[in-house]
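The values are calculated or read from the model by the stated rules, or taken from the named source; none is laboratory data. All figures in this text were calculated on a predicted structure; none of them were measured in a lab. Quick reminder, even Gly has a Cβ in these numbers, built from the backbone with ideal geometry, and neighbours come from all protein chains shown. Surface areas here come from the heavy atoms of the whole protein model, side chains and all, with no ligands, DNA or RNA. Shrake-Rupley method; radii C 1.70, N 1.55, O 1.52, S 1.80 Å.
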Amino acid sequence: MASVSVAVLGAGGTIAPAIVRDLAESEEVASMVLLDLDAARAAAVAAEHGGDKTSAGRVDAHDAAALAAELAGVDVLINSASYRVNLDAMRACLVAGCNYMDLGGLYWMTGRQLELDQDFRRAGLLALLGIGSSPGKTNVMAARAVRELESVESIDVAAAGRDPRASGGFSPPYAVRTLIDELTLAPVVLRHGEPVEIEPLAPGGALDYGPPIGEVETIYTLHSELATFGQSFGCREASFRLSLAPALLHRLRELTTASPEELDRATREAVAPSAETVSVHQVTARGAGLTARGGDLTARGADRTVAVRAVSRPHFGLGGSVVSTAAPAAAAVRLLARGELDATGTLAPERCIEPELLFAELEGRGCSFEVVSTA
């Protein structure tokens, strides 16, 4: 597959413009169609970021037949709309014979999506679940970390973003309703090999993210990585922690009890993050290290900790927090087009993407990686 046709669903949202800009500059992409409930917003994104290879249209993703019709002749759909439409979009892809990617399923949706694995395998198609920053980049960072371990006891994921030019207004890094769900639904952690629900907004303690964010407070939130890490890596413990700017977290806490009308108003009044935002992700894996034996790294060694850190800075004139989420999806499209992502079925990123391939793509989009292994 030398070049591909791509559809972007939810094209008028926060993350889609960065995906479109990235794909517009990718020689592996022959054409794009941008789809949204609001055709005017999709058209505006096409005009500003898509170049001459992009068209736009309106579709309701809950109407799988209508979406399938829009996907005729399309090679891959990137679903950047709400996770609530993930299943509808996947079924439309099966009808249209189109590969599928999304930015995450907020744990519970991911489990339902994985049930379509055999359908995609039979169709010879790939459904890549959660290929944003987190989930997505963090899943592949975990795969890189556990490579240095003979057995894995725990994997902890942490994400943080900061905007040095925050105006003081309400500036969410992605969809307000998804953020509210992350903060109000019970987080799931792995404890002794079993998923366990803990209290929403449970304090995660202070964590040092390194420069430019430093040490900040965290909370546990619900995230999709926890839906697949146990099976993918055999770890018995796993968690996800998030750090938001204090003013943003305060406003989101207020909105957790808001009416639907108040949420709609807050969404309309939200201010876009500045073009100077920075995003940091850390994945820390602990377990038994590998020890050389007869020239092969096969023997069980002493306990070891492997930390993989990623810093995403502004790129394309867009903030690092937005680019951090968009770039992995665009990178996956390029890998698919070049035949470097050739799996079929419904898979999490750690099951089908080589870390070095993804890291190389993201390093060209303002992201740097650091791997530190300690005994």
By the C-alpha gyration tensor axes a ≥ b ≥ c (rounded if a/c is under 1.5, else prolate when a/b exceeds b/c, else oblate), the shape of the stretch 271-375 is oblate
About the Cα centre of the chain, what is the dipole size in debye to 20, counting +1 per Lys and Arg Cβ and -1 per Asp and Glu Cβ, all else neutral?
260 debye
Calculated FRET value between Ser259 and Ala375, using beta carbons and R₀ = 56 Å, to 0.05:
0.55
Considering amide H positions built from the backbone, and no H for Pro or chain starts, which residues 5 or more places from Thr54, or on another chain, come under 5 Å of its amide H?
Met32
Just the number, please: carbon plus sulfur as a percent of the accessible area of the stretch 88-187, 1.4 Å probe, no ligands or DNA/RNA counted.
49 percent
Using alpha-carbon pairs under 8 Å, 6+ residues apart, how would you state the relative contact order of the stretch 1-78 in percent?
37 percent
Under 15 Å from a point 7 Å along the Cα-to-Cβ line of Val95: which residues of the stretch 61-76 have their amide N that close?
61-74
Give me the distance in nm between label points sitting 7 Å out from Cα along the Cα-to-Cβ direction at Gln231 and Thr344, one decimal.
1.9 nm
Take the Cα radius of gyration of the chain and divide it by 2.2 N^0.38 Å, with N its residue count; two decimals is plenty.
0.95
In the neighbourhood of Leu190 defined by beta carbon distances under 11 Å, the net charge of the other residues (Lys, Arg +1; Asp, Glu -1) is -3
Can you tell me the accessible area per residue over the chain, all protein chains present, probe 1.4 angstrom, in square angstrom?
41 Å²
Exposed loop GluC sites (Glu not before Pro) only (DSSP loop, at most 11 other Cβ atoms within 10 Å): please give the longest stretch of the chain free of them, not including the sites.
116-375
Between Val271 and Glu27, the FRET efficiency computed from the C-beta separation at R0 = 41 Å comes out, to the nearest 0.05, as 0.75
Quick check: from the Cα gyration tensor, does the stretch 189-328 come out rounded (a/c under 1.5), prolate or oblate?
prolate
Work out the charge dipole of the stretch 126-260 with +1 on the Cβ of Lys and Arg and -1 on the Cβ of Asp and Glu about the Cα centre, then indicate which of Leu128, Ser232, Ala142 is farthest towards its positive end.
Leu128
For every helix of n ≥ 4 consecutive DSSP H residues, a contribution of -39,500 (n - 2.57) applies; sum these over the chain, divide by its total residues, and give [θ] at 222 nm rounded to the nearest 500 deg cm²/dmol.
-9500 deg cm²/dmol
Extension gain Arg112-Asp38, at 0.36 nm per residue separation less the Cα-Cα distance, in nm?
23.9 nm
Can you list which of the DSSP-assigned H helices in the chain have a Cα extent of 24 Å or more along the long axis and an average Kyte-Doolittle score of at least 0.0?
320-337
Taking all protein chains in place and a 1.4 Å probe, what share, in percent, of the accessible surface of the stretch 216-366 do carbon and sulfur account for?
48 percent
